[in-house]
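The structure appears below as structure tokens.
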Amino acid sequence: MKLDLFDFHLPEELIAQVPLKERDASRLMVLNKETGEWKHDQFKHLLNYLNRGDCLVLNDTRVLPARLVGEKEDTKAKVEVLLLKQMEGDVWETLAKPAKRIKEGTVISFGNGKLKATCVGTLEHGGRLMEFSYEGIFLEVLESLGEMPLPPYIKEQLDDRERYQTVFSRESGSAAAPTAGLHFTERLLAELKEKGVHIAFITLHVGLGTFRPVNVEDIEEHIMHAEFYQMSEGTASLLNEVRENGGRIIAVGTTSTRTLETIAQKHDGHFVSESGWTDIFIYPGYKFKAIDGLITNFHLPKSSLIMLVSALAGRENILRAYEEAVKEKYRFFSFGDAMLII
């Protein structure tokens, strides 16, 4: 399957640079995955499309303030370090700029020595293994010194960094937000529960590979980045019960989708409590075992994310809907509007 099949024209001005004042004030395109028909609405009216006994599955990961700016201890040269993945103890896989100046043994100081990082290894893709030293609790030190690693297509500064966190975030570990969840408010979640819609949580720590473009002409040759996921016993039991009772399972975001499908594929459509790493790549032709619908934002051309939604709703249906979204000036990407596929 060729990469160009997932291309479309996106005017740059439609890339949302800042979040809306009210989370649920974003627009909502509702797409029928069988017919390809759509309608326009607002996210705050989401409960009109969900039934008692349905279940929304939300990703409760929390974004680390993973971008650190410091200086080399020997030369005082400025260095930027982005935390990608905790390897073992205080050793992290990172991206450093300028990487060529960071050799094994290089020590970088952040916050006048409040946090220090020593390069203990180099990686094939140019990354660096950094071992951190500090006093106290690492996450608290990181909260005081780190900046939010916003996606590269967002050029504006974020005034309130909690707007790049979901209201239900609690498990720190992501390099990026599960952005479909950014539209939810505490009030909307309460209204959904009152209607009898179940709310379930999984965790998938989003890696920066989310933003990497697909660079192969034949998409079946694309290799996905691996991300850590976990599902609790309570969530697994609830989802199995919803399925048995005829309710729909609606994933909130492609991260929730990948977690649910990874587990369901391994266990013949059933959900179990487990944790692990997933590199599942979902593109047209994939047979879904876990989800009946999806809430998601509008994605990049030629990205693995638009391939995932095309697998669920059909490539032609998605491209027609995206053409309509461009025509109607929907806001795209992390701080943009939402689509409900049912």
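Here is a list: 234, 314, 246. Which entry is in contact with a Lys or Arg (Cβ under 8 Å, 6 or more places away or on another chain) and among the small types (Gly, Ala, Ser)?
Matching residue, one of 234, 314, 246: 314.
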Restrict the check to the range 272-285 and report whether at least one residue is closer than 24 Å to residue 4 by Cα and either modelled with pLDDT under 95 or touching a strand residue (DSSP E or B) at 6+ places or on another chain (Cβ under 9 Å) (or both).
-> yes
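Got at least one residue in the range 29-38 being basic (Lys, Arg), farther than 23 Å from residue 290 by Cβ and surrounded by 14 or more Cβ atoms within 10 Å (Cβ to Cβ)?
No, every residue in the range 29-38 fails to be basic (Lys, Arg), farther than 23 Å from residue 290 by Cβ and surrounded by 14 or more Cβ atoms within 10 Å (Cβ to Cβ).
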Selection within the range 1-28 - in a strand (DSSP E or B) and exposed (fewer than 14 other Cβ atoms within 10 Å of the Cβ) | 2
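Here is a list: 47, 58, 95. Which entry is outside any loop (DSSP other than H, G, I, E, B), open to solvent by 20 Å² or more (accessible area, probe 1.4 Å), within 27 Å of residue 251 (Cβ to Cβ) and among the hydrophobic types (A, V, I, L, M, F, W, C)? Steps first, answer last, please.
Values: 58 fails: open to solvent by 20 Å² or more (accessible area, probe 1.4 Å); 95 fails: within 27 Å of residue 251 (Cβ to Cβ).
The match here is 47.
This table checks each residue for (1) within 26 Å of residue 44 (Cα to Cα); (2) of a type in the set (Phe, Trp, Tyr); (3) surrounded by fewer than 19 Cβ atoms within 10 Å (Cβ to Cβ).
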| residue | (1), (2), (3) |
| --- | --- |
| 105 | no, no, yes |
| 109 | no, no, yes |
| 117 | no, no, no |
| 149 | no, no, no |
| 168 | yes, yes, yes |
| 178 | yes, no, no |
| 185 | yes, no, yes |
| 188 | yes, no, yes |
Which one of 95, 47, 20 is touching a residue at least 40 places away in the same chain (Cβ under 8 Å) and touching a strand residue (DSSP E or B) at 6+ places or on another chain (Cβ under 9 Å)?
-> 95
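Assess whether residue 300 counts as being under 18 Å from the mean Cα position of the chain (by Cα), of a type outside the set (S, T, N, Q) and modelled with pLDDT under 95.
Against the criterion (under 18 Å from the mean Cα position of the chain (by Cα), of a type outside the set (S, T, N, Q) and modelled with pLDDT under 95), residue 300 qualifies.
With respect to residue 329, determine if the residue is touching a Pro at 6+ places or on another chain (Cβ under 9 Å), of a type outside the set (Ser, Thr, Tyr), under 23 Å from residue 43 (Cα atoms) and not in a helix (DSSP H, G or I).
yes
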Per the list (1) within 16 Å of residue 64 (Cβ to Cβ); (2) modelled with pLDDT of 95 or more, residue check on residue 116 breaks on (1)
Of the residues in the range 207-235, how many are within 21 Å of the chain's Cα centre (by Cα) and either hydrophobic (A, V, I, L, M, F, W, C) or farther than 20 Å from residue 4 by Cβ (or both)?
-> 18
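The values are calculated or read from the model by the stated rules, or taken from the named source; none is laboratory data. None of the values given here were measured: they were computed from a predicted structure. Neighbour counts run over all protein chains shown; Cβ positions are idealised from the backbone, glycine included. Note: areas computed on protein heavy atoms with side chains; ligands, DNA, RNA excluded. Shrake-Rupley method; radii C 1.70, N 1.55, O 1.52, S 1.80 Å.
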